[in-house]
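Structure, as structure tokens:
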Amino acid sequence: MQDLEDVKSENQALSDKVKSLEAECNEALHEISILRENHAALTKSHQKLTQKNEEISVELLSLVNAKAALGKEIEAKESEMQKLGKQLSLLEFMSVAYDGARSEHQAQ
């Protein structure tokens with residue numbers, strides 16, 4: 001009878017161990033499920049951030065190109081202003097010379 005009691009006791013211990021392992025397995029499955037959800041959310045967030053980063057990169061490149069174009073335009077305008085300034089100086093000189101010649105001609 002002692003053998004039967006030992007077997008029953010061992011069987012009960014094994015049943016308890018199976019229940020404990022099943023509970024651990026269920027907890028692990030639950031954790032895996034949560035980790036999968038977190039992974040999916042992080043992947044979606046990463047994709048959004050990557051897309052936003054690409055949009056910002058394109059916008060930055062556009063701004064850099066626009067700045068370069070404006071710089072060239074400013075240089076062209078400054079060069080044009082210098083030419084106009086030289087022409088104005090020449091015209092002023094010619095005007096003074098013309099006025100002087102006219103005054104001299106009228107004086108005769």
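For the stretch 56-105, what is the per residue volume of the convex hull drawn over the alpha-carbon atoms, in cubic angstrom?
Numbers: hull volume 1.8 nm³, N = 50.
Normalising the Cα hull of the stretch 56-105 by residue number yields 36 Å³.
Restricted to Cα positions, what overall size does the stretch 3-108 have along the principal axes? Three whole-Å values, descending.
Here the spans come out as 153, 14, 12 Å, largest first.
For S62 and E104, compute 0.36 nm times the residue count separating them, minus their Cα-Cα distance, and round to one decimal in nm.
Values: separation 42, 0.36 × 42 = 15.12 nm, distance 6.20 nm.
Roughly 8.9 nm would be gained on extension.
All of the numbers you see were taken from the coordinates with simple rules; none came from a lab. Computed from a predicted model, the values in this text were never measured in an experiment.
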